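I have placed the structure first, in the form of structure tokens, so that the comments after it can refer back to it.
The values are calculated or read from the model by the stated rules, or taken from the named source; none is laboratory data. Note that the coordinates shown come from a computational prediction; the quantities given were computed from them, not determined experimentally. All Cβ positions, even for glycine, are placed from backbone atoms using ideal geometry, and neighbour counts span all protein chains on display.
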Amino acid sequence: MPEETAQILRTRYVRHDGIESEDTGQEVLVYLPGGDRTLYLNDTAAIVWRLCSGEHSGEEIAEMLEEAYPDAAATIRDEVAATLRGLADQQLVEARD
């Protein structure tokens, strides 16, 4: 596992205050800062988003998803890391110490 991925998975993330989102039960819509774009999260990304409370590390989130989706366990850690990286790059979540 690349060091960047390992670091992301060791980190706990929290959603930025002021980011608006709408959970329809089937999908999550995140309204990007500036109000001119909306991000539609797929199932995996929606679960990751919901769990970005600062309580769970990326590793813990990946473990929860591996339990829920054992057939996809081989790719889940990379997907969680990529999702967290993408959310952080768009300034929707931040690392919590």
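Before moving on, here are some points about what is shown:
- Near pairs, Cβ below 8 angstrom, 6+ apart or cross-chain, from the stretch 15-30 (closer than 19 Å to Q90 by Cα) to any residue that is modelled with pLDDT under 85 and outside any strand (DSSP E or B): G18/P33; I19/P33
- Condition check for V28: at pLDDT 90 or above, touching a Phe, Trp or Tyr at 6+ places or on another chain (Cβ under 6 Å) and of a type in the set (A, V, I, L, M): yes
- Only one of T5, T24 that is closer than 23 Å to E55 by Cβ and out of contact with any strand residue (DSSP E or B) (no Cβ under 8 Å at 6 or more places or on another chain): T5
- Residue in the stretch 5-12 that is of a type in the set (S, T, N, Q), over 11 Å from the mean Cα position of the chain (by Cα), more than 12 Å from V93 (Cβ to Cβ) and surrounded by 14 or more Cβ atoms within 10 Å (Cβ to Cβ) present: yes
- Single residue of the stretch 31-44 satisfying the filter (buried (at least 16 other Cβ atoms within 10 Å of the Cβ) and either of a type in the set (D, E, K, R) or more than 23 Å from E3 (Cα to Cα) (or both)) that is modelled with the highest pLDDT: L41
- Residues of the stretch 45-82 that are in contact with a Phe, Trp or Tyr (Cβ under 8 Å, 6 or more places away or on another chain) and buried (at least 17 other Cβ atoms within 10 Å of the Cβ): C52, G58, I76.
- Within the stretch 39-60, residues that are in contact (Cβ under 8 Å) with a residue 24 or more places away in the chain reach partners that are polar (S, T, N, Q) and in a strand (DSSP E or B) with beta carbons closer than 9 Å, at six or more positions or on different chains, in the pairs L39/S21; W49/S21.
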